[in-house]
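Down below is the structure, laid out as structure tokens.
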Ligand code: SF4
């Protein structure tokens, strides 16, 4: 029989799991703006494959998400996991977004990020996190959920502060995201669609993800930690080879 605590742990992950459309389709979600083009391509072609493993990120993120859900249940002016989608112009693509919480009373959209202090220190308004919230705001406005007077925030919770540091250092930071004009947001979306459409037409153009976060394992071998830990497409990605010191960089006909 399975350990009952493990079952509870799995249930926590399942409760916080993404519950939107996971089927293959021409869609770009706000959360994809954090991804490499190749991952976006895989999502379009094969649908969303959830990375449901007990990593620190998934488990802490899920616990945090359930806390937010509970808070929104308690207060009428808050709504958690707000999801909307719209057809994007006449492109045949869908734009979708899910934000962690909207505060209708204080006209605020806030997305929570379990991240590293390094990310906060190096954050700028061109960071993918900022673009995610911008796209959420864009979609929520286009669906008439909110007007153009909402403020956008990121709540960054650091997962890498050690216990002996946590009395001295803040373990979280709140960052305001600058709003951009719609044509700037649309330019970014158009760029992504252009690349993915060209890859769908001609697979030989597909490029491997840019930075695979190479790390050394205890036995001294290097491994691409982005693929190993954070990518649910490695079983189908022809660039990925866990036994090689470098990923297979050559696009050999692929057949994806
Ligand atoms: S397995 Fe690695 S190279 Fe392939 S999509 Fe995932 S992160 Fe990118």
Subject >> Single unsatisfied condition, residue 25 versus (1) over 17 Å from the mean Cα position of the chain (by Cα); (2) surrounded by 17 or more Cβ atoms within 10 Å (Cβ to Cβ) >> reply: (2)
Subject >> Candidates 69, 90 - the one that is outside any strand (DSSP E or B), in contact with a strand residue (DSSP E or B) (Cβ under 7 Å, 6 or more places away or on another chain) and surrounded by fewer than 19 Cβ atoms within 10 Å (Cβ to Cβ) >> reply: 69
Subject >> Filter result for residue 225 (within 21 Å of the chain's Cα centre (by Cα) and at pLDDT below 90) >> reply: yes
Subject >> Number of positions in the stretch 182-216 that are within 16 Å of the ligand (Cβ to nearest atom) and over 15 Å from residue 36 (Cα atoms) >> reply: 4
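Residue-by-condition table, conditions (1) in a loop (DSSP other than H, G, I, E, B); (2) at positive phi; (3) modelled with pLDDT of 95 or more:
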site: 114; (1), (2), (3): no, no, no
site: 119; (1), (2), (3): no, no, no
site: 126; (1), (2), (3): yes, no, no
site: 130; (1), (2), (3): no, no, yes
site: 133; (1), (2), (3): no, no, yes
site: 136; (1), (2), (3): no, no, yes
site: 144; (1), (2), (3): yes, yes, yes
site: 148; (1), (2), (3): yes, no, yes
site: 153; (1), (2), (3): no, no, yes
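The values are calculated or read from the model by the stated rules, or taken from the named source; none is laboratory data. Keep in mind it's a predicted model, so treat the numbers as computed, not measured. All Cβ positions, even for glycine, are placed from backbone atoms using ideal geometry, and neighbour counts span all protein chains on display.
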